[in-house]
Each structure stands twice: as structure tokens, then as C-alpha cells.
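Engineer: Got a structure here, written out as C-alpha cells. Questions coming.
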Amino acid sequence: MPDVSYGTVPRQSGSEPSAENKCTDAVCINASRIYDSCGSKDCLSNLDVFFTPCNQCIINNASSVKICKASVITADVNVESVAFHRGCYAVDVTFYFDIMLEAYTCGSTIPSKVNGLAIYGKRSVLYGSESNSKSFSSDSCIVCSQPPTACACSEIMPKATVQISEPMALSARLRKDSVPPLPCAPIPECVITYFGDDFAVTGDAGVRATIGIFTITQLERNVQLMIPSYDFCIPRKECKPESDDPCEVFNRVDFPNDSFFPPNARAEEREKCNFECSCNG
């Protein structure tokens, strides 16, 4: 691609763009560029589950537990530079999971629903390039930078973004021993608010859960990019108001043929059913 001098915008030759390429000119935009990223598939086994005092009493009297669901409450993401590796950064992520369990007590066939907290930390090293420029805008508040310390100079860190899928709840087992100690790092206040109380530090039983997660971690920096411009995103359809008549809404619903005539399974779907049962009779 030929170099373009700063401040100039190259345009296509000719008065009308071709049918194959409707790009009329090139524009400069401010965008978040991904410099490096990685994906991972992790099976998190034997995660200690922490309970509030009320739920801990249920776990103390339980004879067995069954995991029902796992969900992500929040995550704490931090970035720091890697020594002796210019442009490389360590991304430390701490995930906070809500583990939903069914606790069975002796002599009872109806389980009790309890929720607990599981914590998992993960580190990834990615390339995030280097930048010594600072950006200020009219729509942001005044924030003063911290003075550089004697052992480290001020460095503009890239932004780390972590995406995680809904966790897969795999298993949970009851341990008849003391409650595991809480992590040394303080638990975020929003997590404590989520469960409605502090977590118990004493008890006669504990739970360890196993879940599976898929994550994508990436390092980004704001840069100016020149891209082809096609047209403005003008809406092509009109927003029509919804009717309050329930029969009119029902008349727009298609007839559920699949409910009356179940479709045949495709070949790849039938392959999923070809497995041997390993259940313990």
C-alpha cells in the first residue's frame, strides 16, 4: 500500500464507484486495535466453595450435594509489564463464580437450594506493544497521573479485555472436614452484596466444585486507522408500533409444524447418540 501523507484523504478515481467496490473514499477513525489475544479451555477442578453462615448450616447437616448451575458474578482484571520483555504484559484475572447446589440431608428426599462462591485466578502473557503518549478528551473528567516512583517509570498500559462463556457445571462433592480458609485477597464488596452476607469462617463440612470455562483474553490500544468508507448507516426500515390487541399478535405467529410433526434427525445428530452408557447400576 503506498504511503499517504498526514492530513490527506485519497479518493477513488472516476465519478462513480464500480458495482463491485462501492468505497468512495478512505477515512481516519479512532479504534481499539487488538495487538494480541489468546483463547483457552479450562477445567477447574476442586474449587473450594464458600457459603454464608445461613447456607453453611445447611451444608453442615448435608449427606450429599449435587451441582445444578454455575454463573459468573464478576471478574477482576489487572495488567502489569513483564520484566526484561519489552512490549509484553501479564494479564491477571480473578473470576468470581456463583455455584448453585442441591444439598440432601439424611431422611429427606427434597433437597435444599444453596448458593456459594468459588474463586479462580488465571494469568496470561500477551504482547501489547509500547506507547508513551497520553490522551485527553473533552468528555472525560480531570484525572492526574501518579508520579513515577524511584524504581519504576510511568508507563502507559494497554487495556486488557477478558471474555468468558457461561460456565459448565460438572460436579461437586461434599467434604466432612473444616471450612477452607478465605483467600488472602479481599473479596470485592459487590460480591458480598450479591450473596447478602459475609462468608462463614467456621463449619463442619465443605464443598469442592468442578466447572469448565472457555475464555478469550486480549490486549488493546487506541490507535488511528485509515479504513475504506462505504456509506452512512441509514436505517432501511421503519419502526412500527406494536399492537395491544392480543389476537392480532397471536395471528402473526407461524403455525408450529415441528410440534405436530417432529423433524427427522440429521446424520450428525444421530452420531451424538452413539455412545455407551457408563452408569453404575
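Engineer: Do any residues in the range 178-206 that are closer than 17 Å to V93 by Cβ and in contact (Cβ under 8 Å) with a residue 12 or more places away in the chain have Cβ atoms under 9 Å from those of residues that are open to solvent by less than 50 Å² (accessible area, probe 1.4 Å) and in a loop (DSSP other than H, G, I, E, B), where the two are at least six apart or on different chains, and which pairs are they?
Structural biologist: I187/F199
Engineer: Search the range 99-121 for residues being of a type in the set (G, A, S) and open to solvent by 40 Å² or more (accessible area, probe 1.4 Å), and hand back the single one that is farthest from the chain's Cα centre (by Cα).
Structural biologist: Applying the first criterion (of a type in the set (G, A, S)) to the range 99-121 yields 103, 107-108, 112, 116, 118, 121.
Filter once more, keeping what is open to solvent by 40 Å² or more (accessible area, probe 1.4 Å): 107-108, 112, 121.
Numbers: G107: 40, S108: 37, S112: 29, G121: 14 Å.
So the residue we want is G107.
Engineer: Among (1) crowded, with 18+ Cβ neighbours inside 10 Å; (2) in contact with an Asp or Glu (Cβ under 8 Å, 6 or more places away or on another chain); (3) under 26 Å from A200 (Cα atoms); (4) of a type outside the set (K, R), there is one condition A62 misses while meeting the rest; what is its number?
Structural biologist: Failed condition: (2).
Engineer: Report, by residue number, each residue of the range 157-182 that is assigned to a loop (DSSP other than H, G, I, E, B) and open to solvent by less than 50 Å² (accessible area, probe 1.4 Å). Please lay out each step first, then the result.
Structural biologist: Going through the range 157-182, the residues assigned to a loop (DSSP other than H, G, I, E, B) turn out to be 157-158, 165-167, 176-182.
Selection gives P158, S165, P167, V179, P180.
Engineer: Another one. Please specify each residue of the range 183-212 satisfying the condition of being open to solvent by 40 Å² or more (accessible area, probe 1.4 Å), within 30 Å of L126 (Cα to Cα) and of a type in the set (A, V, I, L, M, F, W, C).
Structural biologist: Result: C184, A185, C190.
Engineer: If you scan the range 49-67, which residues turn out to be assigned to a strand (DSSP E or B) and either over 23 Å from the mean Cα position of the chain (by Cα) or at pLDDT below 95 (or both)? Before you say what the answer is, go through the steps one by one.
Structural biologist: Of all residues in the range 49-67, those assigned to a strand (DSSP E or B) come to 49-50, 62-67.
Result: A62, S63, S64, V65, K66.
Engineer: So which residues in the range 93-140 are on the phi > 0 side of the Ramachandran plot and assigned to a strand (DSSP E or B)? Show your work before the answer.
Structural biologist: Let us first name the residues in the range 93-140 that are on the phi > 0 side of the Ramachandran plot, namely 107, 129.
Correct list: empty.
The values are calculated or read from the model by the stated rules, or taken from the named source; none is laboratory data. Computed from a prediction, not measured in an experiment: that's the story for all the values here. With ideal geometry, Cβ positions are generated from the backbone for all residues, glycine too; neighbour counts draw on all protein chains shown. Calculation scope for accessible area: heavy atoms of the full protein, side chains included, ligands and nucleic acids excluded. Shrake-Rupley method; radii C 1.70, N 1.55, O 1.52, S 1.80 Å.
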